[in-house]
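Below: one structure, written as structure tokens.
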Amino acid sequence: MVAGQMNCPSCHAVISSRRSGKCGVCGEALPPELLFTDEQRKKLETQMAELEKNHRASLDHLNRVCEHAHSGTFAPPPIYNTKDL
Ligand SMILES: [Zn+2]
């Protein structure tokens, strides 16, 4: 398979335009993962990673607040203490 080249899963024709969301040969709807270019996919992945990072940061912040509230104990923040559940 040539990098950057997509084939219709239905008729295996090379997909020339992904914008229509359909195969130009047989008219079959293309799966969403074929509709993204590598660039778009990378952008999405970066956005997801960024979201994940922000999510972790806010979790981290919450844990620190919790730890502060429970100051005097060395118990891990409840959210990480899953073994006893
Ligand atoms: Zn097709």
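Worth a mention:
- Whichever residue in the range 18-28 is surrounded by 11 or more Cβ atoms within 10 Å (Cβ to Cβ) and within 23 Å of the chain's Cα centre (by Cα) and, among such residues, is nearest to Q5 (Cα to Cα): R18
- Taking the criterion of being among the hydrophobic types (A, V, I, L, M, F, W, C) and more than 11 Å from the ligand (Cβ to nearest atom), the residues of the range 1-33 that qualify are M1, V2, A3.
- In the condition set (1) in a loop (DSSP other than H, G, I, E, B); (2) modelled with pLDDT of 75 or more, K43 is compliant with all but (1).
- Selected residue (only one of I15, I79 is surrounded by 10 or more Cβ atoms within 10 Å (Cβ to Cβ) and modelled with pLDDT under 80): I79
- Of all residues making up the range 1-40, the number that are in a loop (DSSP other than H, G, I, E, B) and charged (D, E, K, R): 3
- For the range 46-76, the set of residues classified as among the hydroxyl-bearing types (S, T, Y) and modelled with pLDDT under 80 consists of S71, T73, listed by residue number.
The values are calculated or read from the model by the stated rules, or taken from the named source; none is laboratory data. No experiment lies behind these values; they were computed from the predicted model shown. Using ideal geometry, Cβ is built from the backbone for each residue, glycine included, and neighbour counts are taken over all protein chains shown.
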